[in-house]
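Beneath this line is the structure, given in structure tokens, with notes to follow.
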Amino acid sequence: MVHLHVMLYDSGAVKTVDVSCLRKLEENMKIMRMLAIECSLVDIRPTGGSMQWTATVCECVSYYLSGTQAKIIIQESDVACPLPVKILCKDEAGQFIDISEHLIKKGLAFRNRRFGHFYILSDSDSNSGSIPKEHLEVHLEQENSQLDGCNSETACALNSAAPEKDFTVSEREHKSKQTEEPLLQSGVDKVYKPPVIPEMKIFQAVVSCVGHDGTIYVIPVSLANELNRLMTEIQCNFKCLGLLEPYCWKKGEACVVRGSDTMWYRGKVTELGAGTLQVQYIDRGSVEKIPQCHLYPTALYTDIPPFCIPCQLYKTVPIGNFWQQDAVDVLQELLTDEEVEIHCFASFFFFLTYIMNTRSSRDIPVLPPYMLPSLPVPGDTFPVRVTHLVSPKEVYIRLDPSESLKKQSDTERDANSNSALESLDEALKWCNKNVDSLPPLTNFRTEMPCLVEYNDGLWYRAKLLAVKEFDPVKVLIQFVDYGNFSVVPASRLRQIPSHLLHYPIQAVRALLAGFRPLVYDKNKKRIPYCPEWSMEALWAMMECVEGKQLSASILAVSPEVTISLYEDDQNLVHMKLIEMGFADLDE
């Protein structure tokens, strides 16, 4: 039996069908345009450095959009396919949300100014006469044709011819590797000259990026205008759609890169991969994974050295002789796009140090971590409230002091009238009244205590987990007294007063014992970050615990806090999930 993949024009769905199920479309049906419109979410790109959306993201989008009625806002009406749009739909609370913004908040996407498909249509005419003949000029044009997006397995196709005076890159020339035209050359790692170091021992520069190995790439301020002129000439004179067919790339090979901002850059291949290549922008130092159809194997302006200078901090060695990601993140936040003063301590360009003009790391306070709460003795039953659910089995609980005080004597109750929780609440109220006097957070190291503004406009204790975006800065934080997570801009972070660190955190992470996810679960909607559980199981557990007074008993505290969670009638909470068919008993 022969099976084919078929796209249904009027719904956009892709199905696998037997060839016997196919019939030739009648002519009168061909004149009707397809009813399904291919769309692309604007301003976002996948996380993780890849250009491919993960199955988790697709499941999340499908969960909110499949079978629902949504609002579509077209961003550019003159784009043929796919149509760039914003999509608004209702969430679980019935509130309209922007899908793009929702994916960003969930940490499943980054903000970006580009769409899912990339191509460029340009005229072959160039009026710039400022480029010498030894520089590359590649002109491609397309007339009355449309291009579908390129990928690593399918090459872009052109259905036009270039004027006789222009040099056209064709498939025949790629296959035969002909070299009649000396202007087009496949570069290698040593095609370009080394960067030019200013003669002064001290000079001003802008940090363009910080590499994962701790290398700091700087562009001298004196060369900024020359770099801008070069970029303008590249955009005017290099007119190409990318590589027209599969190509055998080599590590270190020179190339021209179609960047995420749709501009062309000089680059070189640093790592090979399936579908995408890791490329370094030689004039900026940054590294990015790029689809092969957005690269072209050639060297540009080989007589002009790269503008960025790789530097290392003078007499500074990372702990363990390896730059941890946390340290790199701090360097990126402190230095990227900042104008710094470079002090050259050696004749080699990779031994340099810097002195910041705008900020000093010595001004950034380093705070101790939050105090952990004292837990009841294992085996004792104590009142709790669930403040946050990660999955049906992983929760954050908060010990209820008001219920605990009922069991104490009058003397003990009087001694605890000014309890730690009440003192914490009073301290937070004071911070909210005087938040304008608190300085913004400038130290973005992992586990850094801070104050964060929640959606209700109030400020709560939190800790920083990771920097998610750098332009503008957005960080992943956790509210330590509740357990929930959020991605927030740097403007919603403040330095925490030291006296707020004296109070233990109120939310304790705990694993629930006695049950496990179903081995064969027919529910297709899964928790994106915890796919062993279904979304239905999560909603069911939420109904069991949300806003209710519960009790718990600690079974173990190492390696993780493990508890049994009970209802008021001392029935185990997870038994309802088992009765509803969302979980199995775990003996």
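The values are calculated or read from the model by the stated rules, or taken from the named source; none is laboratory data. Just so it is clear, the structure is predicted and the values come from calculations on it, not from any experiment. FYI the Cβ positions are ideal-geometry reconstructions off the backbone, even for glycines, and counts take in every protein chain you see. The accessibility values were calculated without ligands, DNA or RNA, using every heavy atom of the protein model including side chains. Shrake-Rupley method; radii C 1.70, N 1.55, O 1.52, S 1.80 Å.
Residue 354 fulfils the conditions (1) modelled with pLDDT of 80 or more; (2) in contact with a helix residue (DSSP H, G or I) (Cβ under 8 Å, 6 or more places away or on another chain); (3) among the hydroxyl-bearing types (Ser, Thr, Tyr) except for a single criterion, (1).
I'm trying to understand the selection: among the residues of the stretch 376-394, which are assigned to a strand (DSSP E or B) and not β-branched (Val, Ile, Thr)? Before the answer, list the steps.
Taking the stretch 376-394 first, the residues assigned to a strand (DSSP E or B) are 381-389, 394.
382, 383, 385, 388, 389, 394 - these are the residues of the stretch 376-394 that are assigned to a strand (DSSP E or B) and not β-branched (Val, Ile, Thr).
Cβ-Cβ contacts under 6 Å between residues 6 or more apart (or on different chains), taken from a first residue in the stretch 367-387 that is on the phi < 0 side of the Ramachandran plot to a second residue that is at pLDDT 90 or above and open to solvent by 70 Å² or more (accessible area, probe 1.4 Å), are listed as 387/482.
Scanning the stretch 293-318 for residues that are open to solvent by less than 30 Å² (accessible area, probe 1.4 Å) and of a type in the set (Ser, Thr, Tyr) turns up 296, 298, 301. Taking strands (runs of 3 or more DSSP E) that fall entirely within the stretch 424-509, which contain at least 1 residues that are crowded, with 20+ Cβ neighbours inside 10 Å, in contact (Cβ under 8 Å) with a residue 40 or more places away in the chain and among the aliphatic types (A, V, I, L, M)? Answer list for the stretch 424-509: 449-453, 459-470. In the stretch 1-59, of all residues being of a type in the set (Ser, Thr, Tyr) and within 30 Å of residue 107 (Cβ to Cβ), the one that is modelled with the highest pLDDT corresponds to 40. For residue 384, are the conditions met, namely being of a type in the set (Val, Ile, Thr), open to solvent by less than 50 Å² (accessible area, probe 1.4 Å) and modelled with pLDDT of 90 or more? Answer is yes for this residue.
For the stretch 76-93, the candidate set comprises residues that are of a type outside the set (A, V, I, L, M, F, W, C) and open to solvent by less than 80 Å² (accessible area, probe 1.4 Å); within that set, the residue that is modelled with the lowest pLDDT is 76. Scanning the stretch 458-499 for residues that are touching a Leu at 6+ places or on another chain (Cβ under 8 Å) and basic (Lys, Arg) gives 461, 468, 494.
With respect to residue 14, is the statement that it is of a type in the set (Val, Ile, Thr), loosely packed, with under 10 Cβ neighbours inside 10 Å and within 25 Å of residue 72 (Cβ to Cβ) true? In short, yes.
Rundown of residues vs (1) assigned to a strand (DSSP E or B); (2) acidic (Asp, Glu), yes/no style:
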{"residue": "283", "(1), (2)": "no, yes"}
{"residue": "290", "(1), (2)": "yes, no"}
{"residue": "300", "(1), (2)": "no, no"}
{"residue": "304", "(1), (2)": "no, no"}
{"residue": "310", "(1), (2)": "yes, no"}
{"residue": "317", "(1), (2)": "no, no"}
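Could you list all residues from the stretch 319-346 that are assigned to a strand (DSSP E or B) and surrounded by fewer than 20 Cβ atoms within 10 Å (Cβ to Cβ)? Spell out the reasoning first.
In the first step, residues of the stretch 319-346 are kept if they are assigned to a strand (DSSP E or B); the result is 339-344.
Hits for the stretch 319-346 are 339, 341, 343.
Within the stretch 186-218, can you find the residues that are part of a strand (DSSP E or B) and open to solvent by less than 20 Å² (accessible area, probe 1.4 Å)? The answer is 203, 205, 207, 209, 210, 216, 218.
Scanning the stretch 245-277 for residues that are touching a residue at least 40 places away in the same chain (Cβ under 8 Å), open to solvent by 10 Å² or more (accessible area, probe 1.4 Å) and not in a loop (DSSP other than H, G, I, E, B) gives 258, 268, 276.
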